Each structure stands twice: as C-alpha cells, then as structure tokens.
Amino acid sequence: MIDWDAYFGAMRTMRLHPLYEELAKHLPEHGYALELGCGAGQGAEFFADRGWTVTAYDIDPRAIEATEERLAGRPGIDVVTADITTIDFPHADAITAGFVLFLLDADGFGRVWSKIREALSPGGLLLAQFLGPNDDWASRGCLTHSTSEINELLRGYEVLHREEVERDGKTAWGESKHWHVHHVIARVPEPSPTP
C-alpha cells in the first residue's frame with residue numbers, strides 16, 4: 001500500500017506539516033511531549049526547538065534511524081522503537097499523532113485512543129489527523145472516521161482547531177492521491193476550581 005522506502009526518503013527533506021504551527025499557538029513555554037509515529041523526526045525537532053523534552057516512538061527502524069540522525073546530540077530527546085498499540089504511555093503535556101492513527105486497525109486504534117486520553121495531563125494538548133471515508137486509502141484498508149465519529153471521539157476535549165480537507169494531491173513520494181483528512185488540535189480541560 002505505502003512505499004515505505006520512498007516515504008522515508010521523501011520525509012527526510014519534507015517540511016513540517018502546518019498543523020504544528022497551529023499547535024505552537026497553544027503550547028506553554030516548557031513541557032513534555034510524546035510523538036506517536038515520529039517518521040523522520042520533524043515533529044520531535046519542533047518540540048526540541050522550543051525547549052521541550054520529547055519521547056518519539058515509531059515501529060519502523062527507518063524512522064528511528066532518520067529521527068536519531070536529525071536530532072543527534074540534542075538534549076532531552078528519547079527515540080524509542082515501539083508498537084504504540086502495545087506500550088503504556090507516560091503522562092505528557094502534549095501528544096501528537098500525525099498521519100499515524102489511520103494505519104492502525106480498529107482494535108489498535110481503540111487502545112491507542114484510550115491511552116492518549118489517560119496520558120494527557122489536565123490542560124494537555126493533542127494533535128491528531130484522521131482519514132475521512134472519501135480518502136483513496138480507504139480502499140486500501142486504512143482506517144477512516146466519519147465526521148460524527150470524530151465528534152464522538154473528541155467528546156470531553158476542548159477543540160481548539162478543526163479542519164476538514166478534501167482535495168486531489170500527491171503523497172510524500174509523489175503518487176497521485178485523493179485526500180480526505182480531518183486535522184484536529186484539542187485540549188484536555190483543566191479541572192474546575194473548587195469553591
């Protein structure tokens with residue numbers, strides 16, 4: 001389905017997705033982030049550049065290698081080879097799951113989604129992307145979510161940014177593709193002060 005060698009080759013020089021700049025508007029000065037599916041490390045670098053500590057996870061050794069090369073010598077970065085459906089997440093101030101959740105099967109997604117909510121501290125931020133049912137990759141077995149399903153997933157979060165994009169375009173490695181993506185930034189509400 002995905003040409004992973006071509007993907008990682010392209011990702012090494014690809015710019016960070018603009019959704020991270022939207023996330024930056026809401027980030028506190030310091031914190032601890034989890035990057036789920038770190039790819040070539042641009043997201044982990046985004047946090048490191050802001051003085052955050054970050055643990056970057058990926059199951060693919062090519063991703064781990066690319067991230068380690070990108071962030072060599074940077075303090076506060078932990079790069080971990082892991083299947084995110086099977087590990088426990090530490091508590092974090094931000095979690096990013098960019099272009100990774102749709103690669104999970106339904107059971108794996110359910111486990112990861114629950115663990116994200118459990119790991120996020122009050123006030124914690126989430127960046128996530130979901131494929132809509134009109135995306136070309138729906139026919140290739142990628143997990144999709146309808147608008148109403150995403151509404152339900154985000155119940156209990158404060159939604160800070162939400163955008164649905166449907167357009168023809170290309171993949172990172174240049175293959176033509178129809179995209180249908182929901183881009184989301186949400187926050188766990190702070191507890192109400194006791195009277």
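The values are calculated or read from the model by the stated rules, or taken from the named source; none is laboratory data. In this text, all values refer to a predicted model and were calculated from it rather than measured experimentally. Cβ placement follows ideal geometry from the backbone for every residue including glycine, while neighbour counts extend to all protein chains displayed. Just so you know, the surface numbers come from the protein's heavy atoms only, side chains and all, with ligands and any DNA or RNA stripped out. Shrake-Rupley method; radii C 1.70, N 1.55, O 1.52, S 1.80 Å.
The table that follows gives values for the structure above.
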quantity	calculated
Of the criteria (1) open to solvent by less than 70 Å² (accessible area, probe 1.4 Å); (2) under 25 Å from residue 14 (Cβ atoms); (3) at pLDDT 95 or above; (4) not in a helix (DSSP H, G or I), which one residue 167 fails	(1)
Some residue of segment 185-194 being in contact with a helix residue (DSSP H, G or I) (Cβ under 8 Å, 6 or more places away or on another chain), touching a residue at least 60 places away in the same chain (Cβ under 8 Å) and not β-branched (Val, Ile, Thr)	no
Subset of segment 170-195 (residues that are in a loop (DSSP other than H, G, I, E, B) and open to solvent by 80 Å² or more (accessible area, probe 1.4 Å))	190, 191, 192, 193, 194, 195
Pair list, Cβ < 9 Å and 6+ apart or interchain, from segment 63-75 residues that are farther than 19 Å from residue 100 by Cα to residues that are part of a loop (DSSP other than H, G, I, E, B) and open to solvent by 90 Å² or more (accessible area, probe 1.4 Å)	69/12; 70/12
Some residue of segment 21-34 being surrounded by 14 or more Cβ atoms within 10 Å (Cβ to Cβ) and either among the polar types (S, T, N, Q) or over 26 Å from residue 114 (Cβ atoms) (or both)	no
Single condition residue 48 does not satisfy, out of (1) open to solvent by 10 Å² or more (accessible area, probe 1.4 Å); (2) at pLDDT 95 or above; (3) not in a helix (DSSP H, G or I)	(3)
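Rundown of residues vs (1) part of a loop (DSSP other than H, G, I, E, B); (2) within 17 Å of residue 44 (Cβ to Cβ); (3) in contact with a His (Cβ under 7 Å, 6 or more places away or on another chain); (4) open to solvent by less than 30 Å² (accessible area, probe 1.4 Å), yes/no style:
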position	(1), (2), (3), (4)
107	no, no, no, no
113	no, no, no, yes
117	no, no, no, no
126	no, yes, no, yes
129	no, yes, yes, yes
142	yes, no, no, yes
